[in-house]
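These notes are about the structure you will find just below.
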Amino acid sequence: MKKLSLKWKLTLLYTLFTTLLTFIILAVLLYLGSGSILASTQDQLKERVFEGFEMLDVRNGSLIIDSDFSDVESGVYLSAYDESGSLLSGRVPYGFTSSISFQENTVQTASLGGSTWYIFDASSELRDFGTIRIRGICSVSALEEELRLLIRLALILLPLIILLSAILCFSLVRRTLRPVFHITRAAREICEEKDLSRRIGLKGNRDEITILAETFDSMLEQLQEAFERQKQFTSDVSHELRTPLSVILSQCDELLGSSNLTAEEKTAVHTIQDRARNLTRLVSQLLFLSRTDQKRQTLTLESLDFTLIARSVLEELEMFAAEKKISLEEEIQDSITLLGDETLLMRLWMNLIENAIAYTQEGGRIQVGLFQKDAAITGYVKDNGIGISQEDLPKIWERFYRADSSRTDSSHSGLGLSMVRWIVEAHGGTIRAESTKGKGSLFVFTLPKENS
C-alpha cells in the first residue's frame, strides 16, 4: 500500500467506500423488499378470501357459487367448505393436503411437499344455509424464488457497480489531481534546469490547489529576487576588491625591492603578499562563478590540442608538486583534439591537479591520464592522498565546501571543484568522483571529441 501513488490510494479508498455503501443499500433494499413482498402477499391472500364470500349466494335453501370462485388470481387458490369440513367448491394446489386445521382470521405457514404455503381461513354465516368456511392458499416458494432471483441479480450487478465505481473514481481522482501533477512536473523542471525565472502558472478556479500554485509562484519570485541580489552582491564585492588587492600586491613588490627592510620585515611582507595573492585568486574565482550564475560567462570555442594543454599544465605544476616530494605520472595519449575554450580547459586541469597536490601527503603519487575512445575524450586525475568519506563525497561540488574541515590551508577556498564541474558541463561533458577515506581519490571527466 505504501508503494501506491496517491491517485491509486484515493481510487481504492473511494471504490471501497462506494462498494460498501452499495452493499449496505442492496442489503437494506432486499431486507425491506422481502418483508414488503411477503406482507403484500398476505394482504392479497386475505383480500381474495373475503372477495370469495361475495361470490356465494343462497336461493331457496341451496348454495350457489359463482364460476369465478375457482379461478386462481394473484396466485391464490380458493376453496369453500361447509360446517363439517366437506369441500363444496374451489381448487386446492397440487400436493396440498387438507389435514391442516382451520384457524380463522390467522395466516398460517405450512411446508408440504418441499413447498411453503400461506393459508388464511375465514368463515361466514349464510342465512337459510349455515356456516361457510373459505380457505385461501398461496405459494410462498414462488415468492422466495423471486427473492432469490433478485439476490442473484444483485450479486451480478454488484461487481459491475464496483467496476463502474472504480472507473468513475479513477477518472474523478485523476481529473482532481491533474493540477497537482502539473505543479510537480513544473517544480521538477525548475529543479533540473535550475531556472528560478519559470513559474507554475496554474489557471482555473480559485480552489485550494490553485491557491497553492499561486503561493508557490510567489515563493519562487522571492527566491529569484534573493538569488539575484546575492549574485549581484558577489559580483560587486569581487569587483570592488580587485583594486585594493592590486594595490597591496604592488606595494608588497615595491617593499620587497627595497634594501631598507630587515629580514623580519621582509618575512612579514612575504606573508602579506601570499595572503593577497590567495585573496586575488579567490576574487577571480568568485567573479567567474558570478558570471556563470548570471549566464554571462561565454565560451570561446576553437579547435584545440587537448594533449598539449594537459602536458603544459603538468609542466607548470611540476615544481609545486616537487616541493611536497609528490611525483606526477602521466598517461596522456598523443594528438587528441577537441572543440573548446582554451582558457577554461587549462583551468579545468589546473584545478584538478592542484586539488590533488593539496590533499596528497609528502612522498605521494598523482596520476594524470587522457585518452580518446570512439566519440568521447576521457581524462582523469588520481591520487593516493587523504581521500574523501562517502558521506562528504556528494557535497564536494558545493561552493566553499571542503571535506577536510580540519585543514587550515587558506590557499584553497572550496570553489575549485564547482568551477571544474561548470567547465565540463559547459563543454557538454560529465564528471564524477570516486574516493576512499585514507586511500585517495579519482576524478574522471568525459568530453565530446572535436566535431568533424
Q. Here is a list of conditions, (1) open to solvent by less than 80 Å² (accessible area, probe 1.4 Å); (2) at pLDDT below 80, and residue 171 meets all of them except one; can you say which number that is?
A. (2)
**Q.** Search result, residues across the stretch 228-254 that are at pLDDT below 80 and surrounded by 13 or more Cβ atoms within 10 Å (Cβ to Cβ)
**A.** 228, 231, 232, 234, 235, 237, 238, 239, 241, 242, 245
(Q) Looking for something in contact with a strand residue (DSSP E or B) (Cβ under 9 Å, 6 or more places away or on another chain), farther than 19 Å from residue 242 by Cα and at pLDDT 65 or above - is there at least one such residue anywhere in the stretch 282-299? (A) yes
Q: Sort out which residues of the stretch 364-397 are among the charged types (D, E, K, R) and crowded, with 22+ Cβ neighbours inside 10 Å, and write them in order of number.
A: 383
(Q) Quick check on the stretch 244-257. Is at least one of its residues of a type in the set (Ser, Thr, Tyr), more than 28 Å from residue 418 (Cβ to Cβ), over 56 Å from the mean Cα position of the chain (by Cα) and not in a helix (DSSP H, G or I)? (A) no
Q.
I need every pair where a residue in the stretch 150-168 that is of a type in the set (Ser, Thr, Tyr) has its Cβ under 6 Å from the Cβ of a residue that is open to solvent by less than 80 Å² (accessible area, probe 1.4 Å), sequence separation at least 6 or different chains.
A. 165/15; 165/18
Q: Could you please find all residues in the stretch 295-341 being in a strand (DSSP E or B) and either exposed (fewer than 15 other Cβ atoms within 10 Å of the Cβ) or among the aromatic types (Phe, Trp, Tyr) (or both)?
A: 302, 303, 327, 329, 330, 331
Q. Do we have residue 353 as out of contact with any His (no Cβ under 7 Å at 6 or more places or on another chain), hydrophobic (A, V, I, L, M, F, W, C), at pLDDT 90 or above and not in a strand (DSSP E or B) here?
A. yes
Q | Residue list for the stretch 420-452, restricted to those being in a helix (DSSP H, G or I) and either in contact with a helix residue (DSSP H, G or I) (Cβ under 6 Å, 6 or more places away or on another chain) or open to solvent by 10 Å² or more (accessible area, probe 1.4 Å) (or both) | A | 420, 421, 422, 423, 425, 426
Q | Which listed residue is surrounded by fewer than 15 Cβ atoms within 10 Å (Cβ to Cβ) and under 30 Å from residue 7 (Cα atoms), from 160, 153, 149, 126 | A | 160
(Q) Going by what's in this entry, would residue 48 be described as under 28 Å from residue 145 (Cα atoms) and at pLDDT 80 or above? (A) yes
Q.
I'm checking my understanding of the structure. Among residues of the stretch 129-146 that are under 60 Å from the mean Cα position of the chain (by Cα) and not small (Gly, Ala, Ser), which one is most open to solvent (accessible area, probe 1.4 Å)?
A. 146
**Q.** Subset of the stretch 129-164 (residues that are of a type outside the set (D, E, K, R), under 20 Å from residue 110 (Cα atoms) and at pLDDT 85 or above)
**A.** 134, 136, 137, 138
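The values are calculated or read from the model by the stated rules, or taken from the named source; none is laboratory data. Since we're looking at a predicted model, the values are computed, not measured. Neighbour counts run over all protein chains shown; Cβ positions are idealised from the backbone, glycine included. The accessibility values were calculated without ligands, DNA or RNA, using every heavy atom of the protein model including side chains. Shrake-Rupley method; radii C 1.70, N 1.55, O 1.52, S 1.80 Å.
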